[in-house]
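Since the structure comes first, as structure tokens, the remarks are kept for the end.
The values are calculated or read from the model by the stated rules, or taken from the named source; none is laboratory data. Bear in mind that the values here come from a model prediction, so they are computed numbers and not experimental data. Cβ: placed from backbone, ideal geometry, glycine included. Neighbour counts: every protein chain shown. We work out accessible area using only protein heavy atoms, side chains counted, and drop any ligands, DNA or RNA first. Shrake-Rupley method; radii C 1.70, N 1.55, O 1.52, S 1.80 Å.
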Amino acid sequence: MSKISGNVYSFFFALCSLSYEFIFIKAATAIQGGQIFKYNLIVSLFTFSLGVGSLLSQKVWKENSLTILFKVELALFLVGVLGPVIVLMSHSMIICNVLIIMTGILSGYELPLLFNLNKNRDHEVIAWDYIGMFMASLLIPLVTLKVIGLGATTILIGCLNLTFALSLVRGKGFIKWLIPIPVLIGIFFSFYHFKINEILSYLYLQKVL
Amino acid sequence: MKNTVFLMVNISTSLTSLFFYLLTVKEVSQISGEETFFQSIGLGLYLLFMGIGAYFFKVNKSYDQNINQLIKLEWGALFSGATAPILMYLYLFIATAKGFYAPVSPQDIGLIPVALVTLVTICSLGLFTGGQLPIFLKIGSESKNVVLFANYLGALMAGPVLNYLINLQLNLSGMLLFGIIVSSFTLTSYAFLISRFSKVWVTILPIVLILMTRQITGDLVQSFLGSYYYGLKVKEWGELGSLRKTIAKVGTITTIKSPYQDIHLVTENPLKNSFSPGNFTLYLNHKPQFDFMSSPTYHESMLYGAVNLSQKRPQKILVLGGGDGILVSYLLTSFPDADLTLVELDHEMLKTAKEEPSLILLNKGVLNKKDKFRLVIDDGFNFLRNNQDLYDGIFIDFPYPYSDELLSLYSQEFYQTVKARLAKSGFIALDFPITDKREEEASVLAYRVTQTLQIAGFKALLPYGPYSSFIYGEVESRNLKFNYDELKMNLKLSTRLNLVSLEHLFNSSKQKFKPISLFYGQ
């Protein structure tokens, strides 16, 4: 992996991972309130799961890091996009906590795999990882959740995640032709966010009403 | 033995660091109402500076040098974490006492300086914490997995421990003491790890901080509260120290910590040689709810205004919020045969309302008469989701939406849920946030609440009350107006003056505002 692409992947994967955490905090607060309590618990769970993920990743085959990273990001995309919907439909904090742990574990895989792919540049990878998390903390709760709402933010981050995941394996056959699709979907729902949020509101109220 | 101590230290280090971080964010979020802002930016900065710390602080080759480095880093983290909330209250006290501004609520306080104070300390906490993990990995290089796991285990414990201490209603001083004591254990363990108990002087800083916390924190918070609630100011810097004695003469401030909010009961003593009778005010998270003088007008307006507009006597009534019990006492007096349910989340609020003499005077001890109504301790939204009963009248007595969390109780989804629990031709009456913020902001929020109710399906709406404002709503479209002939004769004059429609302020606006929603953007 080249130096620039390594840093870019590190930045965007970290941004997406922490974004999912903020999205889950928002979803958890919607089903049960108590934002401060939820925040304390979710931050602790997520941090712990990151650690578990990085421990589990020690077992991966180093020569296959690119494929495994792609699979991890694909799984993260699915959990991150479908997870909030499942939480809102189930109204269950147990399910929410399980999904947060899954997200944390998958996110924890990222850094060791990126280390394998970017030899002797651990410091740079870590630095861009932390910058990505910092940008997520500014953009997601303070900008996207306030401007385009929960549903559209989830789709936007999911599409960003999927775009970079596909670009990891773009050399393989037709995959490079798929890359623009999540980009376009993400842009579309950023502008036409009302409908997706309306759907989320409807799904949430289905359980209630 | 040393390995075990090393692992314990690893756990305690990450526990205290994240604990102090979460505690600081909790305090500043509660006082500002800006939970989302401080939670998000605080976490980002904490993580960023952890990365910088991991990069900046070098790992030494020798074991003893690394332990000494860890001691310094733990000192730095402890000092940053323990002083962050104290510095915040110090700033707030000086700002209010010196009269930099005259706050009505903490939202009038310059939040940027508060943010700067707390965020800078969060950054330094992250910096010192970040420097520790590479050293732990160096020392425990033969079992890095275990070192990492222990570190993350400590982080896992921090959130639940803080939540547990919040549930125990520890004040700030108590929580800081917990963190400092755990950090003392860490520092003492370092002395053990290098087998030099002469190094026990490393515990000097924690001892100093313990003493400082015990002596200063409580006084500082009380001084800030006194200056804030009573509006006491000083002209000279030298007078700051004696302000506390002045505060004690003006009245008393009782603080009750609940898991959900800070409850302050503020009494003002009657002034000698004056007609001022004194007063009592209830504050929740530093926001005024009612006082002794305004309480009758507020509660009478809410109840009798709504019943007058509905032109019916409700038989099955639900009260959401209002854990002070005052609205319930009015309801029981006016509708003794009605099926009445009170839903309140905060059991500490209920306990205070049962035991505090000033509140008992207002609610006539109704919360101790459990056979007269049904009391449910639950989140209002949760209760409505799980309960299928239909009500003739739903009174929603929540605090104004000062925070993101409270805003969710004014959301479209909440009102749709309320609507689903209304009987045919039932009504709702809720506190209308029109008068408590700066004028230009109040109008936008009031419009948004009105339009949110309309979108949720309430076709008949009437805002009323120029002094204590409410909004009355029904699902079916109807022309709503007060029938003044049917008002009770013994209502206070201030209530009668308050039962005036505010329709003219809202109907003329053609501007569309975004509804308040759990999911839509703002």
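In region B:1-40, the qualifying residues are those that are out of contact with any helix residue (DSSP H, G or I) (no Cβ under 6 Å at 6 or more places or on another chain), within 14 Å of another protein chain (Cβ to nearest Cβ) and assigned to a helix (DSSP H, G or I), and the one that is most open to solvent (accessible area, probe 1.4 Å) is B:PHE37. Out of all the residues in region B:348-358, is one or more part of a strand (DSSP E or B), aliphatic (A, V, I, L, M) and away from chain A (no Cβ under 14 Å)? For region B:348-358, residues part of a strand (DSSP E or B), aliphatic (A, V, I, L, M) and away from chain A (no Cβ under 14 Å): absent.
Note on region A:142-154: residues that are among the aliphatic types (A, V, I, L, M) and either open to solvent by 50 Å² or more (accessible area, probe 1.4 Å) or outside any helix (DSSP H, G or I) (or both) amount to 3.
Taken as a whole, the structure leaves A:ILE36 outside the set of residues that are in contact with a Ser or Thr (Cβ under 7 Å, 6 or more places away or on another chain), assigned to a helix (DSSP H, G or I), within 13 Å of chain B (Cβ to nearest Cβ) and surrounded by fewer than 19 Cβ atoms within 10 Å (Cβ to Cβ). Residues in region B:293-308: is at least one under 24 Å from B:PHE414 (Cβ atoms) and open to solvent by 10 Å² or more (accessible area, probe 1.4 Å)? Yes, because at least one residue in region B:293-308 is under 24 Å from B:PHE414 (Cβ atoms) and open to solvent by 10 Å² or more (accessible area, probe 1.4 Å). I'd like the full set of residues that are of a type in the set (Asp, Glu) and away from chain A (no Cβ under 14 Å), limited to region B:390-428. Across region B:390-428, the qualifying residues are B:ASP392, B:ASP397.
So is A:VAL85 among the β-branched types (Val, Ile, Thr), more than 18 Å from A:ALA14 (Cα to Cα), within 14 Å of chain B (Cβ to nearest Cβ) and in a helix (DSSP H, G or I) or not? Yes. The residues of region A:85-108 that are among the polar types (S, T, N, Q) and farther than 21 Å from A:LEU205 by Cβ, listed by number, are A:ASN97, A:THR103, A:SER107. Residues in region B:463-522 that are modelled with pLDDT of 90 or more, within 31 Å of the chain's Cα centre (by Cα) and assigned to a helix (DSSP H, G or I): 3 in all. Is region A:46-58 home to any residue that is open to solvent by less than 30 Å² (accessible area, probe 1.4 Å) and among the aromatic types (Phe, Trp, Tyr)? Yes, that holds for at least one residue. Considering region B:135-153, the residues that are in contact (Cβ under 8 Å) with a residue 60 or more places away in the chain, more than 9 Å from chain A (Cβ to nearest Cβ) and not hydrophobic (A, V, I, L, M, F, W, C) include one that is surrounded by the fewest Cβ atoms within 10 Å (Cβ to Cβ), namely B:LYS138.
If you go through region A:148-168 and keep only what is among the aliphatic types (A, V, I, L, M) and farther than 14 Å from B:LEU518 by Cα, you end up with A:ILE155, A:LEU156, A:ILE157, A:LEU160, A:LEU162, A:ALA165, A:LEU166, A:LEU168.
State whether one or more residues within region A:97-108 are part of a helix (DSSP H, G or I), without any contact (Cβ under 8 Å) to a residue 40 or more places away in the chain and over 22 Å from A:PRO182 (Cβ atoms). Yes, region A:97-108 contains a residue that is part of a helix (DSSP H, G or I), without any contact (Cβ under 8 Å) to a residue 40 or more places away in the chain and over 22 Å from A:PRO182 (Cβ atoms). Of A:LEU178, A:LEU166, A:LEU160, A:LEU139, all but one fail to be over 30 Å from B:VAL59 (Cα atoms), in contact with a Leu (Cβ under 6 Å, 6 or more places away or on another chain), of a type in the set (A, V, I, L, M) and crowded, with 18+ Cβ neighbours inside 10 Å; the exception is A:LEU166.
When the residues of region B:150-168 are filtered to those that are among the hydrophobic types (A, V, I, L, M, F, W, C) and in contact with a helix residue (DSSP H, G or I) (Cβ under 6 Å, 6 or more places away or on another chain), the one that is farthest from B:LEU22 (Cα to Cα) is B:ALA150. Residues of region B:131-171 that are touching a strand residue (DSSP E or B) at 6+ places or on another chain (Cβ under 9 Å) and assigned to a helix (DSSP H, G or I): B:ILE166 alone. Selection of region B:329-338 for residues being within 32 Å of the chain's Cα centre (by Cα) and closer than 17 Å to B:PHE427 by Cα yields only B:LEU331. Quick one: in region A:1-15, which of the residues that are part of a helix (DSSP H, G or I), farther than 13 Å from A:HIS123 by Cα and more than 17 Å from the chain's Cα centre (by Cα) is modelled with the lowest pLDDT? The extreme case among them is A:ILE4.
Of the residues that make up region B:437-456, is at least one in a helix (DSSP H, G or I), in contact with a Leu (Cβ under 9 Å, 6 or more places away or on another chain), within 14 Å of chain A (Cβ to nearest Cβ) and buried (at least 20 other Cβ atoms within 10 Å of the Cβ)? For region B:437-456, residues in a helix (DSSP H, G or I), in contact with a Leu (Cβ under 9 Å, 6 or more places away or on another chain), within 14 Å of chain A (Cβ to nearest Cβ) and buried (at least 20 other Cβ atoms within 10 Å of the Cβ): absent. Residues in region A:115-135 include none that are touching a residue at least 24 places away in the same chain (Cβ under 8 Å), open to solvent by 30 Å² or more (accessible area, probe 1.4 Å), more than 22 Å from B:ALA54 (Cα to Cα) and not basic (Lys, Arg).
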